[in-house]
Amino acid sequence: QMVATPRIASALRRAGTSAAPLIARPPEGPPSAGLPLNVVSDRSLGDAGVVPPTKGEQDSIPTSFYRDASGVLPLNKGLTPLLTKTEFQALLDARAQHRATCTISPDLGMSQQTAELYEEGFGWNSRRMVRWDSVEKVVDKPGCYLVQGGDGDWSWTLEKVSLFSDTTNRAASLLPTDDGPPTAVLGGFSMHRFGKGVNPLEDTRRKLLPLGPLLHRNVRSLDVCTGLGYTAIAAAQAGADVTTIELDPTMQELCALNPWSQGLYKDPTGPRVTQLMGDATEVIKTLPSDEYQVVVHDPPTSSLGGALFSREFYKELLRVLKPGGILYHYIGDPDSKSGGRDTAAVGKRLKEAGFRMVIGAPMAHGLVAAPEKMPKAVLTLANRRPAGQPKQRRVPKHGLQWEQQLQREKELWVEEWGSSDGE
């Protein structure tokens, strides 16, 4: 179900990573573990955040090696080196300054390594790997590039991580961000917010912020649409036992190459994540009722998500949710035209599916829903707004209809879900 070049497939084999098993139910026993990005702490991004490891935490993670006949490069978790235009520019600048070495990140910011510079190109560990002309060809291009091993000096190549999925019939790639982990681009749509003070880490923190009071040890959490796994990993780091569902094996291939997604894979010291592969609208029917205290529904856009936005699917989400549980549903910016329209439509369907309380989560770009009354802490966190954004006034309810014109949909959203008291 996925198409990859031989070099990318070889990189996956060297990393020793395989896609999740094609199972429709969680296996017996505790969920599988994964290697955490770090131990969740309250520094900078909060208890539910995903933050880079500290030096001490980085040192505590076992180091494996990139194994290739052409050389040995020490890297966390045995991953193939991934470089971006930031590293390429740093290398070229160091060459222009006639320096012998240059410190760059071979794993998208998770660690730093010293590259050695030669007249012909650069390398690591006394291995002459990539020629300068290869670097100059991609220095201005976006994307993440695998450093692929060759048979001798200066035979290594740079290959962009760009795949084509037979499942979705769309291209999928990793796109680096300026100050955090990469996002995935599927069919031209970014899977995370980035830019203007928000990167995929902050996007993940905001999505999980309203659920923070419920995310603790031994809580069972369902994550619909794994993507790169950031929300599943962060929830697991908070102590939850996470089950995550993904349709597209190509996304699993991107996860296998992405250093920031390695918390999805087995490690006895890592977070507990069980991965299920398949169509979420069908897989969810196999899951027990009243099973999860927390459900995170993080679908692609409504134009790509299809049945993931249907009333029937929302009824299944309600069925698997425990009494007193909370659903977070990502939609998009409620202040945009499409986001406002989708927010109104989704809110209506959630209520028709049986969720008694549905409120807006402006910072999370989504809705929070519950079959019963929500805890006050969840209401407070869901109603947080970005700094400097004034609280919106409550609009009288009389006469409003869901089918009103587009310019009234924002007022409708505030009236139905934006009140601080959650009524």
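For the listed residue pairs LYS196/LYS351; LYS285/LYS348; LYS160/LYS348; LYS137/LYS207; LYS207/LYS351; LYS141/LYS196, the alpha carbons are over 31 angstrom apart in LYS196/LYS351; LYS160/LYS348; LYS137/LYS207.
Sorting the segments 230-237, 217-224 by their residues' average number of neighbouring beta-carbon atoms within 10 angstrom, most packed first, yields 230-237, 217-224.
Placing +1 at every Lys and Arg Cβ and -1 at every Asp and Glu Cβ, with all other atoms neutral, what dipole size does the stretch 179-271 have around its Cα centre, in debye to the nearest 20?
Values: 8 positive and 9 negative charges, 68 e Å.
Here the size comes out at about 320 debye.
The charge dipole of the stretch 198-383, taken about its Cα centre with unit charges on the Cβ atoms of Lys, Arg (+1), Asp and Glu (-1) only, comes to about 720 debye.
Average accessible surface for the stretch 82-160: 47 Å² per residue, computed with a 1.4 Å probe over protein heavy atoms with every protein chain in place.
The values are calculated or read from the model by the stated rules, or taken from the named source; none is laboratory data. Predicted, not measured: the structure shown is a model, and the values here were computed from it. Cβ: placed from backbone, ideal geometry, glycine included. Neighbour counts: every protein chain shown. Accessible surface areas use protein heavy atoms only, side chains included; no ligands, DNA or RNA. Shrake-Rupley method; radii C 1.70, N 1.55, O 1.52, S 1.80 Å.
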